[in-house]
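S.K.: I have a structure I would like to understand better, so I am pasting it below and will then ask my questions one at a time.
What follows draws every value from the coordinates through simple rules; no lab data is involved. Values in this document were obtained by computation on a predicted structure and should not be read as measured data. As a convention, Cβ positions derive from the backbone with ideal geometry for all residues, glycine included, and neighbour counts pool all protein chains shown.
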Amino acid sequence: MKILIAGGGKIGSCLTEQLTNEGHELTVIDCSTAVLEDMMEKYDVITVAGNAASMSVLETAGVKDAELFIAATDMDEVNMLACMTAHGMNPKLTTIGRIRNPEYRIQAYEMRDVFGLTMAVNPEKQAAHEIARLLNFPGFLSVDSFAKGNVEIVELKIDAKNPLNGTKLSKMSDIVHAQVLVCAVQRNGQTIMPDGNFVIRENDQLFFTATPTNLTQMLKNIGIIAKKAKRVLIAGGGRISYYLVKELEKSGMDCTIMESDEERCHELADILPECTVIHGDASSQEFLDMEGVGDSDAVVTLTGLDELNIVISLYANTRNVSQVVTKLSHAENNKILDSLQIGAVISPKELAGYSILRYVRAMQNQEGSAVSVHRIAGGKIEALEFKVDKDTKHRGEPLRNVKTKSNVLIASIFSHGKVDIPSGNSRFNEGDTVIVVTTADAPIYNLNDIFED
């Protein structure tokens, strides 16, 4: 597919990497020649220097022959104008715009036809939503939902005291007393799809799939008390913090924002009247202690500096805060991050990139395409949700008779309101939802892609 990406920043570069790996023909537009030179060195893409909202620049980039235009510059206004211009030049074009400002959210939706906007992406709002889900589902480092919330894939790090430490997977049910499946493990930077002989070790990051009820039961049985946060301390007063407070207020959580910019503090106090906003430097240990970091149920670090977020999260961990969530713009070096006690890690650019990637795959394969696509284990594993239709192979056959490709696992089947953690006797039928986990290099567009035949 021929795709134009406007903006070579964090999201633009993340998308370029993902989409070039999947074999798409990309052209990247940016005003900075230095950014474009860097993109050409890293990826096999065509580049065009200039303003993506300009007709002449879009024409040079080949907008009339493109199938998809993604506007991901740092300015909402440019993105909206670029989508409108690109769509005007090519009415058959699908357009995706990055719209971050809360003031434009409703406007972008209600006037999407005017702007020629097929889909709007808000990385900050997505990040806030993911953080809110984590705080509402304590005990895990990440939570991904499938089958309308009936199936979850969650991440749990094993410490020395965890009763699963040293346990063979085939014996795990004797401890957890819940219907769960370990679908992936990260160990020393390596990603493993384990079998029953795999032995769990300290510092392993396990990815479980199960119903929310079974996951809660598992936490209880391994001695992890998952108490929902009531008092949340947020470092940084940016857009994510605004969206997060709006979500957490619905759950009755008491939120406090710490922000170093006094003018921004006044803005937040006006638009978030139920939230406590404090002017101060969150990098100061004295300030954190004064604001009761040790008495908080959760600490969320959302400043604009990754290094500062890591330091604050590390300190919150030393104060035994139950839940710590760290926002990182650059989360690529997972081996280093895995060794740090910084709780759950959220990357807005990756969340936005994955949602766009799912849309692109759906464009390529309208029938039977993935309902949702999630990247887990540091992006090394994909978890995909499919609906079984009349064209799906092996309907009604027991799974023991069905051969799937290597590095592909059917993690769960949702049928008639019930979740089945698959065994050899399990079957899927038309209308069922199937969750697939894979480390395969080639992307899976359709459920039939997982089978050997």
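S.K.: So if R0 is 25 Å, what FRET efficiency would Leu314 and Lys230 give, r being the distance between their Cβ atoms, rounded to the nearest 0.05?
M.R.: The value I calculate is 0.60.
S.K.: May I ask you to compute the full-extension gain from Glu202 to Ser423, defined as 0.36 nm times their residue separation minus their alpha-carbon distance, rounded to one decimal in nm?
M.R.: Working: separation 221, 0.36 × 221 = 79.56 nm, distance 2.76 nm.
Gain on stretching Glu202 to Ser423: 76.8 nm.
S.K.: Would you please classify the overall shape of segment 157-291 from the alpha carbon gyration tensor, given that a ≥ b ≥ c denote the square roots of the eigenvalues, rounded means a/c under 1.5, and beyond that prolate means a/b larger than b/c while oblate covers the rest?
M.R.: prolate
S.K.: Okay, next question. What's the extension gain from Glu307 to Thr213 if we count 0.36 nm per residue and subtract their Cα-Cα distance?
M.R.: Extra length from Glu307 to Thr213 when fully extended: 30.2 nm.
S.K.: If I stretch the segment between Ser32 and Glu77 completely, what's the gain in nm (0.36 nm per residue apart, minus their alpha carbon distance), one decimal?
M.R.: Additional length available on full extension: 14.4 nm.
S.K.: Right, another one. For the charge dipole of the chain, defined by +1 on Lys and Arg C-beta atoms and -1 on Asp and Glu C-beta atoms about the Cα centroid, which residue among Leu337, Ser347, Leu181 has the Cα displaced farthest towards the positive pole?
M.R.: The Cα lying farthest towards the positive end belongs to Leu181.
S.K.: Please find the FRET efficiency linking Asn221 to Lys148, where r is the Cβ-Cβ separation and R0 is fixed at 22 Å, and quote it to the nearest 0.05.
M.R.: Working: r = 26 Å, r/R0 = 1.19.
Efficiency, rounded to the nearest 0.05: 0.25.
S.K.: Still on this structure, I have one more. If you split all Cα-Cα distances of segment 2-121 into 10 Å bins from zero, what percentages do you get per bin, shortest first?
M.R.: For segment 2-121, the binned pair fractions read 15, 51, 30, 4 percent.
S.K.: Also, I was wondering about something else. If you bin every alpha carbon distance in segment 41-176 into 10 Å steps from zero, what whole percent lands in each bin?
M.R.: Spelled out bin by bin, segment 41-176 gives 10, 28, 22, 17, 13, 9, 1 percent.
S.K.: Can you pull out the trypsin sites (Lys or Arg not before Pro) in segment 56-119 that DSSP calls coil and that have at most 14 other Cβ atoms within 10 Å?
M.R.: Sparse-neighbourhood loop trypsin sites (Lys or Arg not before Pro): Lys92.
S.K.: What per residue convex hull volume, in Å³, comes out for segment 225-285 when only alpha-carbon positions are used? Please list the in-between numbers first.
M.R.: Values: hull volume 5.3 nm³, N = 61.
So the per-residue Cα hull volume is 87 Å³.
S.K.: Would you list Ile224, Ile153 from fewest to most Cβ contacts within 10 Å?
M.R.: Exposure proxy ranking, most exposed first: Ile224, Ile153.
S.K.: Given a Förster distance of 35 Å, report the FRET efficiency between Thr276 and Asn188 from their Cβ-Cβ distance, rounded to the nearest 0.05.
M.R.: After rounding to 0.05, the efficiency reads 0.25.
S.K.: Moving to a separate point now. Once you list every other residue whose beta carbon is under 10 Å from the beta carbon of Tyr104, what net charge do they have if Lys and Arg are +1 and Asp and Glu are -1?
M.R.: Around Tyr104, the surrounding residues sum to -1.
S.K.: Tell me, which longest segment in the chain has none of the GluC sites (Glu not before Pro) that fall in DSSP loops with at most 16 further Cβ atoms within 10 Å?
M.R.: By the stated rule (loop sites, at most 16 other Cβ atoms within 10 Å), 23-201.
S.K.: Using helices alone, I'd like the mean residue ellipticity at 222 nm for the chain: each DSSP H run of four-plus residues gives -39500 (n - 2.57), total over residue count, nearest 500.
M.R.: Computed mean residue ellipticity for the chain: -9500 deg cm²/dmol.
S.K.: Rounding to the nearest 20 debye, state how big the charge dipole of the chain is about its Cα centre with +1 on each Lys and Arg Cβ and -1 on each Asp and Glu Cβ.
M.R.: Using only the charged Cβ atoms, the result is roughly 1720 debye.
S.K.: Starting from the coordinates of the alpha-carbon atoms of the chain, obtain the Kirkwood hydrodynamic radius over all distinct pairs and give the value in Å to one decimal.
M.R.: After inverting the mean inverse Cα-Cα distance, the result is 23.4 Å.
S.K.: Next question. Could you tell me which of Thr167, Asn214, Met193 has its Cα farthest along the dipole of segment 139-221 towards the positive end, charges placed at Cβ (Lys, Arg +1; Asp, Glu -1), taken about the Cα centre?
M.R.: Most positive-ward Cα: Thr167.
S.K.: Right, something else. Quick one: work out Rg over Rh on the C-alpha atoms of segment 172-248, Rh as Kirkwood radius.
M.R.: Radius of gyration over Kirkwood radius for segment 172-248 works out to 1.10.
S.K.: So, one more: Compute the signed sum of charges (Lys and Arg +1, Asp and Glu -1) over the other residues within less than 9 Å, Cβ to Cβ, of Lys403.
M.R.: Overall, the nearby charge balance is -1.
S.K.: Sort Val299, Val371, Val360 by Cβ crowding within 10 Å, fewest neighbours at the top.
M.R.: If I rank by nearby Cβ atoms, fewest first, I get Val371, Val360, Val299.
S.K.: Please state the shape class of segment 262-321: rounded when a/c is under 1.5, otherwise prolate if a/b exceeds b/c and oblate if not, all from the C-alpha gyration tensor.
M.R.: It comes out prolate by the Cα gyration axes.
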